[in-house]
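The values are calculated or read from the model by the stated rules, or taken from the named source; none is laboratory data. These figures come from a predicted structure and were not determined experimentally. No Cβ is skipped: glycine too gets one built from the backbone with ideal geometry, and neighbour counts run over all protein chains shown. Keep in mind that these areas ignore ligands, DNA and RNA; they rest on the heavy atoms of the full protein, side chains included. Shrake-Rupley method; radii C 1.70, N 1.55, O 1.52, S 1.80 Å.
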Amino acid sequence: MDFGLHRAAERLRNASRVAVVTGAGVSAASGVPTFRGADGLWSNFRVEELATPEAFARDPRLVWNWYEWRRRLVAGCRPNRAHEVLAAWSRRYPQFTLITQNVDGLHERAGTRNVVRFHGSLWELSCWDRCAGSPERWRDETVPFVELPPRCPHCGGLARPGVVWFGEPIDPRVSARAITALDCDVCLVVGTSAVVYPAAGLADEARNRGALTIEINPEPTDATPRFDLVLQGPAEEFLDRLEAELSSGSRLSSSQ
Ligand code: OAD
């Protein structure tokens with residue numbers, strides 16, 4: 001385990017282009033439940049039953065109740081050590097991109113630069129009817145909403161969460177930013193079950209382009225065998241240990 005950590009730290013120390021892909025596990029230590037863990041269910045619904053345009057069309061109140069619950073929960077959470085370390089790296093590396101599947105906004109709250117929100121944001125809304133008067137998305141951090149479901153301020157119709165649902169494409173501009181970042185020295189994938197595509201394929205593409213790929217997760221995933229290095233454990237612990245190795249390495253070299 002320590003061998004993997006040393007190798008990862010060595011490669012990170014010599015890297016200038018770093019891409020990090022994160023999933024729900026990064027926010028677990030902040031108290032945000034993951035989607036597919038034992039505590040990931042909400043009122044006995046699976047995420048695939050709620051996070052779809054069809055579910056919203058059928059029962060917008062039910063879907064909004066779930067998002068309202070998550071907005072309230074996340075509003076009471078704080079970034080953890082994993083977010084903090086990644087935020088520090090975003091300022092340290094000349095080229096750093098954090099591609100997150102998380103919609104909770106905790107990376108941004110930790111001060112991370114260059115975040116690509118692959119699946120959108122809990123804190124943005126858009127018009128369900130895509131009315132001509134409304135912007136593509138707008139920010140709304142109201143917790144709780146006065147009226148549920150919330151309304152589009154432009155046409156008075158239904159507003160929807162500004163997130164990507166199953167069956168919906170990733171915004172091509174967002175995809176393009178993510179794909180550009182995969183030309184990197186090290187690609188780190190942290191806290192994702194790697195079952196939702198296209199996000200789950202990003203590390204493979206980085207590897208095809210010559211990057212060293214590292215997975216950090218307490219559990220093996222379907223993608224584990226495809227990584228160059230696997231650090232099996234919680235993100236908040238391993239990122240903290242990597243950061244400690246990196247800082248002791250730089251202290252060493254600056255004192256020589
Ligand atoms: P999942 O809930 O599928 O997976 C969370 C992963 O985090 C699992 O592999 C856990 O082993 C791992 N994990 C748990 N605690 C951890 C910790 N402390 N440190 C590191 N890892 C930990 O969440 P995602 O992979 O993010 O999409 O899910 C992907 C997408 O599915 C989400 O973005 C969302 C969901 O449906 C949409 O809503 C479109």
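List pairs: first residue in region 57-69 and under 13 Å from residue 47 (Cα atoms), second residue in a helix (DSSP H, G or I) and not hydroxyl-bearing (Ser, Thr, Tyr) anywhere in the structure, Cβ distance under 6 angstrom, at least six positions apart or on different chains. Listed by first residue and then by second, the contacts come to 63/50; 63/55; 63/56; 66/50.
Tell me which residues, restricted to region 16-53, are assigned to a loop (DSSP other than H, G, I, E, B) and touching a Cys at 6+ places or on another chain (Cβ under 6 Å).
If we filter region 16-53 for residues that are assigned to a loop (DSSP other than H, G, I, E, B), which is where we start, we get 16, 23, 31-41, 43-44, 46, 51-52.
Hits for region 16-53 are 31, 32.
Does region 70-114 hold any residues that are part of a loop (DSSP other than H, G, I, E, B), within 16 Å of the ligand (Cβ to nearest atom) and crowded, with 17+ Cβ neighbours inside 10 Å, and which are they? Reasoning before the result, please.
Pass one, region 70-114, residues part of a loop (DSSP other than H, G, I, E, B): 76-80, 93-94, 101-105, 110-114.
Applying the additional criterion that residues be within 16 Å of the ligand (Cβ to nearest atom) yields 77-80, 101-105, 110.
Of everything in region 70-114, those that are part of a loop (DSSP other than H, G, I, E, B), within 16 Å of the ligand (Cβ to nearest atom) and crowded, with 17+ Cβ neighbours inside 10 Å turn out to be 79, 80, 101, 102, 103, 104, 105, 110.
Checked against (1) under 16 Å from residue 97 (Cα atoms); (2) away from the ligand (no atom under 11 Å from the Cβ), residue 172 passes all but a single condition, namely (1). Selection over region 132-149 of residues that are in contact (Cβ under 8 Å) with a residue 60 or more places away in the chain and out of contact with any Lys or Arg (no Cβ under 9 Å at 6 or more places or on another chain) gives a count of 0. Listed by position, the strands (runs of 3 or more DSSP E) enclosed by region 186-241 that each have at least 1 residues that are touching an Asp or Glu at 6+ places or on another chain (Cβ under 6 Å) and under 26 Å from residue 168 (Cβ atoms) are 186-190. The set of residues in region 1-27 that are open to solvent by 10 Å² or more (accessible area, probe 1.4 Å) and under 19 Å from residue 163 (Cβ atoms) comprises 24, 25. For region 184-197, filtered to residues that are farther than 22 Å from residue 236 by Cβ and in contact with a strand residue (DSSP E or B) (Cβ under 7 Å, 6 or more places away or on another chain), the residue that is farthest from the ligand (Cβ to nearest atom) is 185.
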